[in-house]
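The values are calculated or read from the model by the stated rules, or taken from the named source; none is laboratory data. No experiment lies behind these values; they were computed from the predicted model shown. When we count neighbours, we look across all protein chains shown, and the Cβ atoms used for this are built from the backbone with ideal geometry, even at glycine. Heads up: the accessible areas ignore ligands, DNA and RNA and are worked out on the full protein's heavy atoms, side chains in. Shrake-Rupley method; radii C 1.70, N 1.55, O 1.52, S 1.80 Å.
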Amino acid sequence: MDPDETYAETAVRELREETGFVVGAARLGPPSWRRRASFIHRQRRHLQDEVVMTVRLDTAAPDVDGAERLDYEVEDYFGFRWWTVEEVVGSPERFYPGRLPALLTRFLAREEIDEPFELWS
């Protein structure tokens with residue numbers, strides 16, 4: 001979050017920057033998944049408090065436009081594709097958050113999730 005931003009403002013901004021999707025705050029669900037995680041990125045340990053919200057898009061699988069991504073995001077994150085809920089839940093792949101496959105169905109059912117700390121790397 002940037003200083004003085006709300007969760008909704010941050011979500012709208014991050015969604016636009018990282019995917020090119022432009023949505024209004026009215027499309028966001030409430031912040032219903034909270035977690036704290038620590039991970040190493042570019043040889044530096046980060047500790048972040050995360051709030052996850054749903055967003056409803058106009059189309060099922062719009063094209064991702066990464067034109068507003070930061071330089072390091074372009075370098076570090078690639079190979080995007082859409083996953084169905086069933087693919088995520090049944091996949092042996094590693095996801096971030098690490099418990100995404102176990103918690104995704106509950107999150108989409110609008111359950112409140114207060115996940116314990118995750119040491120990612």
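Filter segment 23-54 for residues that are aliphatic (A, V, I, L, M), surrounded by fewer than 14 Cβ atoms within 10 Å (Cβ to Cβ) and more than 18 Å from Gly98 (Cβ to Cβ) and give the result.
Of all residues in segment 23-54, those aliphatic (A, V, I, L, M) come to 23, 25-26, 28, 37, 40, 47, 51-53.
Among the residues that remain, those that are also surrounded by fewer than 14 Cβ atoms within 10 Å (Cβ to Cβ) are: 25-26, 40, 47.
Once the filter is applied, which keeps residues that are aliphatic (A, V, I, L, M), surrounded by fewer than 14 Cβ atoms within 10 Å (Cβ to Cβ) and more than 18 Å from Gly98 (Cβ to Cβ), segment 23-54 yields Ala25, Ala26.
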| query | Considering segment 7-51 alone, what residues qualify as being more than 15 Å from Leu119 (Cα to Cα), part of a strand (DSSP E or B) and without any contact (Cβ under 8 Å) to a residue 60 or more places away in the chain? | reply | Leu28, Val51
| query | Could you give every pair whose Cβ atoms fall below 9 Å, whose first residue belongs to segment 58-69 and is among the hydrophobic types (A, V, I, L, M, F, W, C), and whose second residue is open to solvent by less than 60 Å² (accessible area, probe 1.4 Å) and assigned to a loop (DSSP other than H, G, I, E, B), counting only separations of at least 6 or pairs across chains? | reply | Val64/Gly20; Val64/Phe21; Ala67/Gly20
| Pair list, Cβ under 8 Å, 6 or more apart: segment 83-102 residue on the phi < 0 side of the Ramachandran plot, other residue open to solvent by 30 Å² or more (accessible area, probe 1.4 Å) and in a loop (DSSP other than H, G, I, E, B) | Ser91/Trp83; Tyr96/Trp120; Gly98/Trp120
| field | Count - residues of segment 91-119 that are open to solvent by 60 Å² or more (accessible area, probe 1.4 Å) and over 21 Å from Glu18 (Cα atoms) | value | 15
| Members of segment 56-70 that are open to solvent by 50 Å² or more (accessible area, probe 1.4 Å) and either over 14 Å from the mean Cα position of the chain (by Cα) or not charged (D, E, K, R) (or both) | Leu57, Asp58, Thr59, Ala60, Ala61, Asp63, Val64, Asp65, Ala67, Glu68, Leu70
